[in-house]
Amino acid sequence: MVRKQINISKAPFRGGAAKPFLRRGRGGLGGACLLFLCLLLLLPSCGVKKRVKKADKRFEVGEYYTAGDMYRSVYGKISPKKDRELKARVAFRQGESYRLTNRSRAAFAYNNAIRYGYPDSIVYFNLAQTLRKDGEYADAAANYEIYLQHDPGNAAALAGLESTRRVGEWKAGASRYQVAKPKEFNVRRSSTYAPAYVGQSTDMLIFTSSRSTDKKKKTKNNPITGMPNSNLYSVRKNATGQWEEPEPLPAEVNDPTAENGVCSFSPDGKAMYFTRAKKSEFGDAGAQIMVSNRAGGAWSEPTPLKVFEDSTITVAHPTLSPDGQTLYFVSDAPNGRGGKDIWRATLEGGECKYIENMGPDINTEGNEMFPMMRHDGVLYFASDGHPGLGGLDLFKASPLAPQSENDTVRWSVENLGVPFNSQWDDFGITFEGKTENGFFSSNRNERQGHDMLWSFTLPELAYVISGKVMDDQSNILPDAVVRMVGDDGTNARIYAKKDGTYRLKLNKDARYVMLASARGYLNQSHSFTTADLADSKAFVNDFHLTPLFRPVQIENIFYEFGKWNLTPESETGLQALLKLLNDNPNITIELSAHTDYVGDDAFNKELSDKRARSVLDYLVAHGIDPARLTSVGYGEEQPVTVDAFQAKKYPFLKEGDILTEDFILGLTPEQQETANQINRRTEFRVLKTTYNLY
């Protein structure tokens, strides 16, 4: 039985640049002999089947990259009429080879397999997986549904179908994290992935890369991935905090005959656990976990870590718990959930004991890989079995509190969502100490499927409030005072600038009250909170202070036509007046109502008096002491004297105009209506500022 290689990367998930084999030529017909003609007709068929057999052999030992090229070269030579079944099988295996090495056109090959009647319904499942990774979610859903007709309870297909339905939710709910692809780590035409900090240090990073160290290019590419073998590289920060040039770890660690990488470190950074995968003349020789110790800056010759008694079981992708006593790793060992699972073992004296599968909360029928345990006991890993956007997605598993002493540990698994995850492969995450910054691996937007390191940061939440302090006519009030008190202990007092502006920083989850004041003006307050905000926010609030030295029109006060009843539309203006009185508890005011000249003078006088009284009654009903209020109706006795603000708003008027009956009658009919509307108003003026002070 030949085992498929787990490799150290995502294999069989990682791809590389294709190098198709040359097509073999075919000779022409050289004679009229019937026997010779038959032989010539039979030779291509025999040759095709021989080439398919060679490709099958490469496929069965896990050399998917090479096998994919071989299937591609022979596929076009298979007759769809005479060898329809063979053509379907070759198309399917071509699709498998492309899918397992992240190469394009896998979906095209699967569709060819379906076209020629490939008999196994798995082709619909694998096509759906490929389409989901290509971002073709509707087509992926259709193929999941076809597959589920053959296997209705298949958990992987059900998870894939759920994924296609939740893509919009994940994209709409993108987190605040910001991701970028740093140039200093990545190299074109190669893969770079699985970063890890060395112990508690955040100044040294180790990652895995398939970049070539052979300048003469004598080394053959790995037939599984189509790229040079992966090796471990280190990169350090210099005194200015910049990352220096990456360097490969010494030959003692990077075995040139194997793939080396995907590492983790003991808490003190002195022991490195990493994966090494070799090939033998019989194909895949499996992968094993190696241990190297550091002394004086040099790494020792690695030794294999014995995990299972059966040494033929593949183990890879090691990571250690924060205390260094538990090893988490990936294996396709028997009694798993399916595909590759995450397992754990207790480390005692350099040996693995009490080995156990992480169970159904973590592992699925798909592949769970690249585990990483944080300082707080939260496990991060990559999976193509849990619902996700496509390919491998990053997940976060938090331990749940046991309900009793005999309960096994359960985990709450959460997809990290956008921007960590995409429709491509996203995996291999590491955090910079206890911060929310770090690196992860992804092949998003990479045409050849190469993996790259991506950085991520979580910007600190920032809250500020700014605005201007002005009078009721939007004139700037320089040197106004703005005070702010918060339940977080804030007690700030600043002066507005000459342009009337102010700006204050805020804290998260706090409630604030602000008060703006200026000599000769009433105070104005503003309340707000930063509680329950998931994102940074810049609050804007302009203060409009009411003058003490002149009457002020109350905006948005409306009465029923010819009556004194306040309409519902007046609520906004009345509430603003109520707030002003509460902000300034030591003032008393006169409320006045005015009419235009139209109608009987006595009627206008009585109507305005009742309207002013209606406003007073509203304020009293809402808690204002009647002793602070006086109402009066002036009818048409006090026409408006146009100020600069009104002159700017109404171009047919100029500052100083008095809107008497004689003046208004000299205007156009349309202008007359506007002038009468200006005269119809409700105002207040401050009488005292010492109420209840003495």
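The values are calculated or read from the model by the stated rules, or taken from the named source; none is laboratory data. A quick note: this is a predicted structure, and the numbers were derived from the prediction, not measured. With ideal geometry, Cβ positions are generated from the backbone for all residues, glycine too; neighbour counts draw on all protein chains shown. Accessible surface areas use protein heavy atoms only, side chains included; no ligands, DNA or RNA. Shrake-Rupley method; radii C 1.70, N 1.55, O 1.52, S 1.80 Å.
Within segment 635-649, residues that are over 9 Å from T660 (Cα atoms) reach partners that are open to solvent by less than 40 Å² (accessible area, probe 1.4 Å) and not polar (S, T, N, Q) with beta carbons closer than 6 Å, at six or more positions or on different chains, in the pairs V642/L653; V642/D657; A647/L653. Just give me the residues in segment 627-659 being assigned to a loop (DSSP other than H, G, I, E, B) and either more than 25 Å from Q473 (Cα to Cα) or open to solvent by 50 Å² or more (accessible area, probe 1.4 Å) (or both), in sequence order. Across segment 627-659, the qualifying residues are E636, E637, Q638, Y650, P651, F652, K654, E655. Counting residues in segment 288-298 that are closer than 20 Å to F427 by Cβ, touching a Lys or Arg at 6+ places or on another chain (Cβ under 9 Å), surrounded by 15 or more Cβ atoms within 10 Å (Cβ to Cβ) and of a type outside the set (F, W, Y) gives one or more.
Checked against the criterion of being more than 48 Å from the chain's Cα centre (by Cα), basic (K, R), over 30 Å from Y463 (Cα atoms) and modelled with pLDDT under 95, segment 561-584 has at least one qualifying residue. Filtered by the rule that a residue be more than 25 Å from V640 (Cα to Cα), in contact (Cβ under 8 Å) with a residue 40 or more places away in the chain, open to solvent by 70 Å² or more (accessible area, probe 1.4 Å) and part of a helix (DSSP H, G or I), segment 583-626 gives no residues.
Find the residue count for segment 356-397, including only residues that are within 20 Å of N154 (Cα to Cα) and assigned to a loop (DSSP other than H, G, I, E, B). The number of residues fulfilling the criteria is 18. Pairs meeting the criteria (first residue in segment 659-673 and over 11 Å from V640 (Cα atoms), second residue loosely packed, with under 10 Cβ neighbours inside 10 Å and of a type in the set (A, V, I, L, M), beta carbons under 8 Å, at least 6 apart or on different chains) are lacking. In the set (1) surrounded by fewer than 20 Cβ atoms within 10 Å (Cβ to Cβ); (2) in a strand (DSSP E or B); (3) in contact (Cβ under 8 Å) with a residue 40 or more places away in the chain, the condition left unmet by S234 is number (3). Scanning segment 476-504 for residues that are loosely packed, with under 13 Cβ neighbours inside 10 Å, farther than 24 Å from T530 by Cβ and out of contact with any strand residue (DSSP E or B) (no Cβ under 7 Å at 6 or more places or on another chain) gives a single hit, K498.
With Q178, Q200 as the choices, which residue is open to solvent by 80 Å² or more (accessible area, probe 1.4 Å), within 26 Å of P371 (Cβ to Cβ), of a type outside the set (A, V, I, L, M) and at pLDDT below 90?
Working: Q178 fails: at pLDDT below 90.
Only one candidate qualifies: Q200.
Scanning segment 109-143 for residues that are assigned to a helix (DSSP H, G or I) and farther than 25 Å from S442 by Cα yields a count of 10.
Taking K183 as the residue in question, decide whether it is at pLDDT below 90 and surrounded by 14 or more Cβ atoms within 10 Å (Cβ to Cβ).
Working: at pLDDT below 90: yes; surrounded by 14 or more Cβ atoms within 10 Å (Cβ to Cβ): no.
No; evaluated as a whole, the condition is false for this residue.
Just give me the residues in segment 286-320 being basic (K, R) and closer than 27 Å to N367 by Cα, in sequence order. Scanning segment 286-320 gives a single hit, K306.
Select from segment 355-376 the residues that are farther than 23 Å from V291 by Cβ, surrounded by fewer than 21 Cβ atoms within 10 Å (Cβ to Cβ) and not acidic (D, E) and list them in ascending order. Result: G359, P360.
Are any of the residues in segment 390-400 aliphatic (A, V, I, L, M) and surrounded by fewer than 16 Cβ atoms within 10 Å (Cβ to Cβ)?
The initial filter retains those residues of segment 390-400 that are aliphatic (A, V, I, L, M), namely 392, 394, 397, 400.
Filter once more, keeping what is surrounded by fewer than 16 Cβ atoms within 10 Å (Cβ to Cβ): 400.
Yes: one or more hits.
Report, by residue number, each residue of segment 514-530 that is open to solvent by less than 30 Å² (accessible area, probe 1.4 Å), part of a strand (DSSP E or B) and either under 16 Å from G500 (Cβ atoms) or touching a helix residue (DSSP H, G or I) at 6+ places or on another chain (Cβ under 8 Å) (or both). Explain how you work it out, then say what you get.
The initial filter retains those residues of segment 514-530 that are open to solvent by less than 30 Å² (accessible area, probe 1.4 Å), namely 514, 516-518, 520, 522, 525, 528, 530.
If we keep only those that are part of a strand (DSSP E or B) as well, we get 514, 516-517, 525, 528.
Scanning segment 514-530 gives M514, A516, S517, S525.
Tallying residues that are surrounded by 13 or more Cβ atoms within 10 Å (Cβ to Cβ), farther than 19 Å from R374 by Cβ and at pLDDT 90 or above within segment 429-460 yields 6. Does segment 347-354 include one or more residues that are open to solvent by less than 20 Å² (accessible area, probe 1.4 Å) and out of contact with any Lys or Arg (no Cβ under 7 Å at 6 or more places or on another chain)? No, there is no match, as no residue in segment 347-354 is open to solvent by less than 20 Å² (accessible area, probe 1.4 Å) and out of contact with any Lys or Arg (no Cβ under 7 Å at 6 or more places or on another chain).
The condition (being over 25 Å from Y144 (Cβ atoms), of a type in the set (G, A, S) and touching a residue at least 24 places away in the same chain (Cβ under 8 Å)) is satisfied by just one residue among A113, A55: A55.
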